[in-house]
Amino acid sequence: MDLDQQIQALIDSAPEDGVTPAMMATIAPVIKTVAAQLGHPQYYLLQTLDDGWLMTTLNYRAQPDAEKNVIYAYPTLEDAQMGSQAARNPQITALPVPVTHILFQMLAMKVIHSIIFFQTSNNLQDAIEVPRERLQQLIKQYVQNIRSQSQPPSDLA
């Protein structure tokens, strides 16, 4: 599924509450732009049997009180299965998720700070981190630009 098809699937599956599909269509260009910068149309995420994404809490050695919650997104099923959590726990599985869906879902996951997208199989050094806060800022800027372009100039007489 290409990125446009992924976006359309997101919009089509959105709850018909009169708000969500329109909101998704509005932010779709930002989601698509970020997704296009990543290397794969889908990534494998470690998930629990109840479809929850496996979150990892990272601690900083220099700042023991500082931590962040991340989700790892792997380019292949084999890479995801090699993850230490998946290899040892039969309650965890790896499933493919379209990249645009991952980005959109991250917006709603307040406990997640970032998703780390591994780009190359068998290489955990080649990764792109997408912070949730940065994605929210990009969307906010985009929406503000749309609003400012659609409003008539205030000095119009």
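Listed by first and then second residue, the pairs with beta-carbon distance under 7 Å, at least 6 apart or on different chains, first residue in region 125-148 and touching a residue at least 60 places away in the same chain (Cβ under 8 Å) and surrounded by 12 or more Cβ atoms within 10 Å (Cβ to Cβ), second in a strand (DSSP E or B) and not aliphatic (A, V, I, L, M), are Ile128/Phe117; Ile128/Gln119; Val130/Ser114; Val130/Phe117. Do we have any residue at all in region 12-24 that's of a type in the set (A, V, I, L, M), part of a helix (DSSP H, G or I) and more than 19 Å from Lys110 (Cα to Cα)? Yes, region 12-24 contains a residue that is of a type in the set (A, V, I, L, M), part of a helix (DSSP H, G or I) and more than 19 Å from Lys110 (Cα to Cα). Here is a list: Ala36, Ala80. Which entry is surrounded by fewer than 14 Cβ atoms within 10 Å (Cβ to Cβ), within 22 Å of Asn122 (Cα to Cα) and modelled with pLDDT of 90 or more? When all the criteria are applied, what remains is Ala36.
Residue-by-condition table, conditions (1) surrounded by 14 or more Cβ atoms within 10 Å (Cβ to Cβ); (2) under 24 Å from Asp2 (Cα atoms); (3) among the aliphatic types (A, V, I, L, M):
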position: Ala62; (1), (2), (3): no, no, yes
position: Glu67; (1), (2), (3): no, no, no
position: Thr76; (1), (2), (3): yes, yes, no
position: His113; (1), (2), (3): yes, no, no
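Among the residues making up region 1-33, those that are in contact with a strand residue (DSSP E or B) (Cβ under 8 Å, 6 or more places away or on another chain) and either of a type in the set (Phe, Trp, Tyr) or surrounded by fewer than 16 Cβ atoms within 10 Å (Cβ to Cβ) (or both) are Met1, Ala9.
The values are calculated or read from the model by the stated rules, or taken from the named source; none is laboratory data. Owing to the predicted nature of the structure, the values given are computational and were not obtained by experimental measurement. Don't worry about glycine lacking a Cβ; one is built from the backbone with ideal geometry, like all the others, and counts go over all protein chains shown.
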